[in-house]
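Structure record follows, encoded as C-alpha cells.
The values are calculated or read from the model by the stated rules, or taken from the named source; none is laboratory data. Computed from a prediction, not measured in an experiment: that's the story for all the values here. Neighbour counts are summed over all protein chains in view; Cβ atoms, including those assigned to glycine, are modelled from backbone coordinates with ideal geometry. With ligands, DNA and RNA removed, areas are computed over all heavy atoms of the protein, side chains included. Shrake-Rupley method; radii C 1.70, N 1.55, O 1.52, S 1.80 Å.
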Amino acid sequence: MTATFKVEDSRPRLSGQAGAPVLHYDVERIRRDFPILSRSARGKPLIYLDNAATTQKPKAVIDRIVRYYTEENSNVHRGVHFLSEVATKAYEDVRTVVKQFVNARSEKEIIFTRGTTESINLVMQSWGRKNVGAGDEIIISAIEHHSNIVPWQLLCEEKGARLRVIPVNDSGELIIDEYERMLNPRVKIVSVGHASNALGTINPVATMAKMAHAHGALILIDGAQGVPHLHVDVQALDVDFYAFSAHKVYGPTGVGVLYGREALLESMPPWQGGGDMILSVSFEKTTYNALPYKFEAGTPNIEGVVGFGAALQYVAGLGIENIAAHEQDLLAYATARLREIKGLRFIGTAKEKASVISFVLEGVHPHDIGTILDQQGIAIRTGHHCAQPLMMRFNVPATGRASFGLYNTRHEADRLVAGLHKVVEVFG
Ligand SMILES: Cc1ncc(COP(=O)(O)O)c(C=O)c1O
C-alpha cells in the first residue's frame, strides 16, 4: 500500500462549470443521452419526476463504468503493476474533478464516502466525538432530512449535548432571526441542508455560515439537493464541511463526498480503521495515513467513483447555470399549471426554491395520488420524504412530490397535470 499518490499533469479539467456560456438548451437532445428515458412504464411512456430520490444516468456514466471493468479493473493504491496504476489514476483523477467542481483548495479536502449520509456520520463520529461535550449545543433546522437529524441526536445522547432546531415559517423558509437568537458560545456546529428534498427551499447558507462563524461555531452543509441544482463553491460559501451524493447528480449509487477544510480534517481522528488509512501497523502502535486517505479505510467503491467523475464531467459540460435555468423554468411552469388542480395545496412556497414541488390534494391520500399517476407511467414520490418532523410541522402525514431534473420537459409537467386531473376525477 502506498501512502502518497501523485496526480499527473494529465489530470482532467472541467469545462463549463462556473460561468459557462448560456447554450441553447436542447432538452430533447439531452434526453437521448439517458437510455432509460426511452423505456415505458405500465405500458405508457415513462415520465420520471422522482429526481430528488435519485437521478437517471447518462450513457457517458454507464459507458465509463463498463470501460472501467472492461479495461481498468484493479484495486487502488496497492501494487506497482500496470492495472493498479491505471485504476489508481482513474480513481484519483476524479478527486481532482470533484475538487474543481466544488472549488475546494486541494484534493486533500475531498473524501470519498458512500454518500451524504455517510459523510455526515463521518463528521459526527470523528469531529463530533472529539469536540462536543456535555452542555454544548448543535443546531440543525426544521426542514432537515433524517440523515441530518439522527446522527446529531446520537451524538447529543452520547455526550449530553443539546440539539436545537431552527424553526420554519409557513412558506417553508428558515426563520433566520430565530437562528441568530439561537447562536451562542455553546453552539459547536450548525448542520443544515443547502436545499430541502421535501419542499425545495434553498437556504441562505453563505449568510448562515457567516453567522455561525461569528459565534465561533462550525457549519456543515448537507448538499445532497444542492449540488444537482446550484453552483456550489465551497470557498465562496465559506463552509467547513459540505456533504453530497453522486446518485443525486446523475452518478452511481453508493458513492459520495465529504468536503472538509484541510486544517479541520487534519485535526480529526480517523473514524474507521482498516487498509489504506494507515502508514504503518504494529501491535504496539499504528500510524495513520495522510489526507484524504486517513478517512478512506478499505477498498473503496472504485467503479462508483469513476462513474461519478463521468457524471460531474457531463453536468459541467452542460453547465450548472444552464441546468439551473432550465429547471427554474420547469418549476415556474409546473407550479403555475398545478394551480389549476381543484383542491391542490402546495407545501413549501419559499421564494428561493430548487425544482421540487410538494403538494397535498384535498380528500386524497398521497399514496393514492402516487398509485393513480403510476398507472399512467408517471413516477412521483409520495410519503414523508425522510423528513417526518417537517411533515408534523405542516400537519400532514405525507405529501406528493414531483422533482424535476435536467432532462425533464414542460410536456412532462403537462402530463403530470393531466394525471392529477384524473386523480381528482376518480376521487371527486
Ligand atoms: C437533503 C438530503 N439529505 C440527505 C440525503 C441522504 O442521501 P443518501 O441517501 O444518498 O446518503 C438525501 C436523500 O434523499 C437528501 O435529499
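Percent relative contact order of the stretch 239-363, based on C-alpha pairs within less than 8 angstrom and at least six residues apart?
Worked out over the stretch 239-363, it gives 19 percent.
Could you work out the relative contact order of the chain, using alpha carbon pairs under 8 angstrom and six or more residues apart, expressed as a whole percent?
Here the relative contact order equals 24 percent.
Evaluate the relative contact order of the stretch 47-164 (contact order divided by residue number), counting alpha-carbon pairs under 8 angstrom at least 6 apart; express in whole percent.
Relative contact order, the stretch 47-164: 16 percent.
Report ³J(HN,Hα) in whole Hz for each residue of the stretch 51-62, in order, from the Karplus equation J = 6.51 cos²θ - 1.76 cosθ + 1.60 where θ = phi - 60°; Gly and Pro get x.
Residue by residue, the stretch 51-62 yields 6, 6, 7, 7, 9, 7, 10, x, 4, 4, 6, 4 Hz.
Using a 1.4 Å probe and counting only protein heavy atoms, arrange THR382, THR70 so the residue with the most accessible area comes first.
The ordering from most to least exposed comes out as THR70, THR382.
Can you sort ARG32, ARG381 by 1.4 Å-probe accessible area, starting with the largest?
Highest to lowest solvent-accessible surface, that is ARG32, ARG381.
When all protein chains stay in place, what accessible area (Å², nearest 10, 1.4 Å probe) is found for SER245?
The accessible area of SER245 comes to roughly 10 Å².
Take the solvent-accessible surface of the protein heavy atoms, probe 1.4 Å, and return the percent of it on the chain that carbon and sulfur atoms account for.
53
Accessible area, 1.4 Å probe, largest first: how do PHE295, PHE346 sort?
PHE346, PHE295
Please list log₁₀ I(q)/I(0) at q = 0.06, 0.07, 0.08, 0.10 Å⁻¹ for the chain, using the Debye equation with identical point scatterers on the alpha-carbon positions.
-0.26, -0.35, -0.46, -0.71
Evaluate the charge dipole of the chain about its Cα centre and quote only its size in Debye, nearest 20, assuming +1 on the Cβ of each Lys and Arg and -1 on the Cβ of each Asp and Glu.
Dipole size: approximately 420 debye.
Looking only at LYS248, LYS351, LYS57, which one moves most when the chain is put into a Gaussian network model with springs between Cα atoms under 10 Å?
Maximum among the listed residues: LYS351.
When ligands, DNA and RNA are left out and all protein chains stay put, how many square angstrom of accessible area per residue does the chain have with a 1.4 Å probe?
The answer is 41 Å² per residue.
Using unit Cβ charges (K, R positive; D, E negative) and no other charged atoms, how large, in debye to the nearest 20, is the dipole of the stretch 304-423 about its Cα centre?
Roughly 300 debye, rounded to the nearest 20.
Using protein chains only and a probe of 1.4 angstrom, how many square angstrom of SER106 are accessible, to the nearest 10?
Roughly 20 Å² of SER106 is accessible to a 1.4 Å probe.
Which residues' amide hydrogens lie under 5 Å from the amide hydrogen of THR349, considering only partners 5 or more residues apart or on another chain, with H built in the peptide plane?
GLY172
How large is the accessible surface of THR253 in square angstrom, using a 1.4 angstrom probe and rounding to the nearest 10?
In the full protein context, THR253 sits at about 90 Å².
Collect residues whose amide H, placed 1.01 Å from N in the peptide plane, falls under 5 Å from the amide H of VAL187; neighbours closer than 5 in sequence don't count.
GLU137
In deg cm²/dmol, rounded to 500, what helix-only [θ] at 222 nm does the chain give when every DSSP H run of at least 4 residues adds -39500 (n - 2.57) and the total is split over its residues?
About -10500 deg cm²/dmol.
With θ set to phi - 60°, apply the Karplus curve 6.51 cos²θ - 1.76 cosθ + 1.60 along the stretch 213-219 and write out the HN-Hα couplings as whole Hz, x wherever there is a Gly or Pro.
Values, residue by residue: 5, 4, 9, x, 9, 8, 9 Hz.
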